[in-house]
1. If we scan the range 81-94, do we find a residue that is more than 28 Å from R136 (Cβ to Cβ), hydrophobic (A, V, I, L, M, F, W, C), within 17 Å of the chain's Cα centre (by Cα) and not assigned by the TED database to the domain that holds R185?
2. Does any residue of the range 98-110 turn out to be over 23 Å from Q236 (Cα atoms) and over 11 Å from the mean Cα position of the chain (by Cα)?
3. Could you tell me whether G270 is in contact (Cβ under 8 Å) with a residue 40 or more places away in the chain, assigned by the TED database to the domain that holds R229 and over 22 Å from L187 (Cα atoms)?
4. Could you tell me whether the range 97-118 includes any residue that is crowded, with 17+ Cβ neighbours inside 10 Å, farther than 23 Å from C240 by Cβ and at pLDDT 85 or above?
5. Out of the residues in the range 263-282 that are buried (at least 16 other Cβ atoms within 10 Å of the Cβ) and not in a helix (DSSP H, G or I), which is farthest from the chain's Cα centre (by Cα)?
6. Does L191 qualify as being outside the structural domain of L81 (by the TED database) and touching a Cys at 6+ places or on another chain (Cβ under 7 Å)?
7. When you scan the range 131-216 for helices (runs of 4 or more DSSP H) that lie fully inside it, which ones turn up with 2 or more residues that are at pLDDT 90 or above?
8. On the basis of being without any contact (Cβ under 8 Å) to a residue 40 or more places away in the chain and either assigned to a strand (DSSP E or B) or in contact with a Gly (Cβ under 7 Å, 6 or more places away or on another chain) (or both), does R36 make the cut?
Amino acid sequence: MDFISQEEAGGGYRWRNIPYDPLFSGASFHVLCGYRMQLGREWKNQSVRTHYARLYYVEEGEAVLEFDDEVLRLRPGYLYLIPSNVFHRHRCEESITLMWCHFRAEMHDGIGLFEMLRVPRELKVESRQEVESNFRELLAAMEVHSGWGELKRTQQLLGLLMPFLAADSDSLLRHDRASYLPVFRYLDSHLHEGLGLDVLAEQMGLSPEHFCRVFKRDFQVTPMRYVMRRRVHLAQQLLCQTNLKHYDISDRCGFSDTYHFSKVFKQMVGVTPSAYRGQHVS
């Protein structure tokens, strides 16, 4: 799509239009739920991986948030971001008061925004009063079931996410991850097929070897491992949003059979497809 960079009106007035950004201009955000809670030692879980992202703000108390490669202590005055499809677990040793929400953040073609960004998981807030006000307004808007409520929730969510997005600006410019969009678009439209390294590399005009190297450099995972993540991510969505049988989901996501689907799903999510559906569908 072409975008006009300059326009002219009668009287000689001229202006420049801001160009379309391939990552952010078509991005969409949706808050699934949000609450303020006071929790104790009952707040703990096993390693879990969800198809939505999570945002925590700690008001009082402490807890532990564990990733495969990092352990964080949840502390007052900090925001914590857990992108979708990232293994994590948490536990509270005494008590904690926090505001939290689950949300989706995607580009226009359904690609997860945080898959394209290398954002921090923990940020110390500059103004606790401002963050707490943003979160309270977001939670209040959860009770507004209208288009205005959707816009209000998105507005407050973006305010809370901006420090995380700003923190990635340097690496985004350095690696130009927008150049991977043809790969992700091809991948998402062909997940039901057998996908090899060569066909993904073709989308960027690179050799398979070069493509594998730069992809792992920029995303800390091999291309074929990423393909499997996308298959599982789609399966998570279908389990929660449809009544499809497991064999239909297996076919749509490109698994060879239901046994392979169940095995890989449990390895990557931590529970079976049936258990995952039971946890997220009432």
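1. Looking through the range 81-94, at least one residue is more than 28 Å from R136 (Cβ to Cβ), hydrophobic (A, V, I, L, M, F, W, C), within 17 Å of the chain's Cα centre (by Cα) and not assigned by the TED database to the domain that holds R185.
2. There is at least one residue in the range 98-110 that is over 23 Å from Q236 (Cα atoms) and over 11 Å from the mean Cα position of the chain (by Cα).
3. yes
4. Yes, because at least one residue in the range 97-118 is crowded, with 17+ Cβ neighbours inside 10 Å, farther than 23 Å from C240 by Cβ and at pLDDT 85 or above.
5. Top of the filtered list is V271.
6. yes
7. Where helices (runs of 4 or more DSSP H) fall fully within the range 131-216 and carry at least 2 residues being at pLDDT 90 or above, they are 147-167, 181-189, 197-202.
8. When the stated conditions are applied, R36 does not pass them.
The values are calculated or read from the model by the stated rules, or taken from the named source; none is laboratory data. Quick caveat, the model's predicted, so the values are computed rather than measured. Positions of Cβ are backbone-derived with ideal geometry, glycine not excepted, and every protein chain shown enters the neighbour counts.
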